[in-house]
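Accompanying notes for the structure given below.
The values are calculated or read from the model by the stated rules, or taken from the named source; none is laboratory data. The structure displayed is predicted, hence computed values, not measured ones. Please note: Cβ atoms are built from the backbone with ideal geometry, for glycine as well, and neighbour counts cover all protein chains shown.
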Amino acid sequence: MTQDYGPGAPVNVPREMNGLAIASFVLAIVGFCSPLGILALILGYVAKGQIKSRNNSGNGLATAAIVLGWITLLALAAFVVALVLGGWDTWMDRWDEYKRDNY
């Protein structure tokens, strides 16, 4: 005597983790406040697109990489502005010294 169990219970298979989301998060951590953070920002956006189209997991990692990437981009922009302003100040000091010595 055999017993019929029907079609069976649905199996919940875990979603695959997106490798690009992992890579972007690692780059965001390693490259915090360095040019690697910009690469993490780009890879984070690409990973978000892949996660949406492929139904992968890793959305939180990609979002964290994007946030850290934007923080890095803002920090680098502030550094460049400070460098330019500091360089401009030095240039003007030397120009004033040149005019004082030669005129």
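Any residue at all in region 47-62 that's of a type in the set (Val, Ile, Thr), assigned to a helix (DSSP H, G or I), within 11 Å of the chain's Cα centre (by Cα) and modelled with pLDDT of 95 or more? No - not one qualifying residue is present in region 47-62.
Going through 26, 84 one at a time, which residue ends up being free of Cβ contacts under 8 Å to residues at least 24 places away in the same chain, surrounded by 11 or more Cβ atoms within 10 Å (Cβ to Cβ) and hydrophobic (A, V, I, L, M, F, W, C)?
Numbers: 84 fails: surrounded by 11 or more Cβ atoms within 10 Å (Cβ to Cβ).
Of 26, 84, the one residue that is free of Cβ contacts under 8 Å to residues at least 24 places away in the same chain, surrounded by 11 or more Cβ atoms within 10 Å (Cβ to Cβ) and hydrophobic (A, V, I, L, M, F, W, C) is 26.
Consider residue 78 carefully, then state whether it is touching a Phe, Trp or Tyr at 6+ places or on another chain (Cβ under 7 Å) and part of a helix (DSSP H, G or I). I'd like the intermediate steps shown before the answer.
Numbers: touching a Phe, Trp or Tyr at 6+ places or on another chain (Cβ under 7 Å): no; part of a helix (DSSP H, G or I): yes.
No: the conditions fail for residue 78.
Only a single item in (1) among the aromatic types (Phe, Trp, Tyr); (2) touching a residue at least 40 places away in the same chain (Cβ under 8 Å); (3) part of a helix (DSSP H, G or I) is not met by residue 32, and it is number (3).
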